[in-house]
Ligand SMILES: [Zn+2]
């Protein structure tokens, strides 16, 4: 969440293939998620965030990330980071009393780092809320539910850059510090060695200071559009790109329920990605839902796509519609049945089943 700027309506929904400086009438657009078109409700949800005072987010999974993606409806739905940003501008004291936060300073060799993207990662590997460090290096990540968090600082060196949050002499975010390597709390480059901290409910925890590691040139920048949605229980291939993505690097995700396996390296896939790789991805069926990070590492250095993937439930299967057709005039009742509409933890009736199509009944045909 970034709420530091003043109101900036109707600015810059951008795509990796096409920079759009405004919600333009020339955008191919649709209301129904047609392939190759931008979803009007998604774009307007993003622009409404600007109208309410939000700047672009550093998390690719947030509605307020700087990029849109055609054929996708998910930018209609706020991420936690978006809600935290709006809450900072329009707080409801009674609603936020039980939420905590993290505060600290980002520095490099004793010098404050301005504009480091600082992210709170929860126990499920979800980048929940992020912010940018201020000119004195300080940051506050607010509105966190009580729990265990890891914090890291990364440079805004793509896919989200200074240009997405300012980038000129009249902007607050100008001449940001990007000459450092991604660094977790504990001053290490990898998640497994990072130090976790507890945020008690209703408490702002201070001292989450990070002394960043030097830059190495390793930089993951693609996929840099609005985060892809990946169903739990699925397998596939993920194409990633950036600088120095070559043999010897290893890929991982912020949750162990998402495995990144065999890798084939390749060449340029974008202007900000002269090197690339195709990585096999396997997501366990019980993986925690929500945004996750993709990271690449090589000998003590790491680069991230923060919120680069969002794990979601599989779409409903076995959809049956009756009657299958009817008069244009309407008026006929239509029954729609399917499996997999509700996940086990929303059902509460059928503990041995993974899926259930009706939270009020225990329909055995829906178990699998
Ligand atoms: Zn925007």
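The values are calculated or read from the model by the stated rules, or taken from the named source; none is laboratory data. From a predicted model like this one, the values you see are computed outputs, not experimental measurements. Methodologically, a virtual Cβ is constructed for each residue, glycine included, from the backbone with ideal geometry; neighbour enumeration extends over all protein chains shown.
Listed values, structure above:
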| read-out | value |
| --- | --- |
| The range 257-271, subset loosely packed, with under 13 Cβ neighbours inside 10 Å and modelled with pLDDT of 95 or more, residue farthest from residue 217 (Cα to Cα) | 264 |
| Qualifying residue in the range 218-230 (condition: assigned to a loop (DSSP other than H, G, I, E, B) and modelled with pLDDT of 95 or more) | yes |
| Unique residue being in contact with a strand residue (DSSP E or B) (Cβ under 9 Å, 6 or more places away or on another chain), surrounded by 12 or more Cβ atoms within 10 Å (Cβ to Cβ) and over 30 Å from residue 248 (Cβ atoms) when the list is 334, 312 | 312 |
| Top-ranked residue in the range 61-80 [being within 20 Å of residue 128 (Cα to Cα) and without any contact (Cβ under 8 Å) to a residue 40 or more places away in the chain; ranked as farthest from the ligand (Cβ to nearest atom)] | 77 |
| Given (1) modelled with pLDDT under 95; (2) at negative phi, number of the condition residue 123 does not satisfy | (1) |
| In the range 107-125, the residues that are assigned to a loop (DSSP other than H, G, I, E, B) and surrounded by 24 or more Cβ atoms within 10 Å (Cβ to Cβ) | 113, 115, 116 |
| Residue 128 surrounded by fewer than 21 Cβ atoms within 10 Å (Cβ to Cβ) and away from the ligand (no atom under 16 Å from the Cβ) | no |
| Hey, residue 94 surrounded by fewer than 18 Cβ atoms within 10 Å (Cβ to Cβ) and part of a helix (DSSP H, G or I) or not | yes |
| Among residues of the range 24-60, those that are within 15 Å of the ligand (Cβ to nearest atom) and touching a residue at least 40 places away in the same chain (Cβ under 8 Å), counted | 11 |
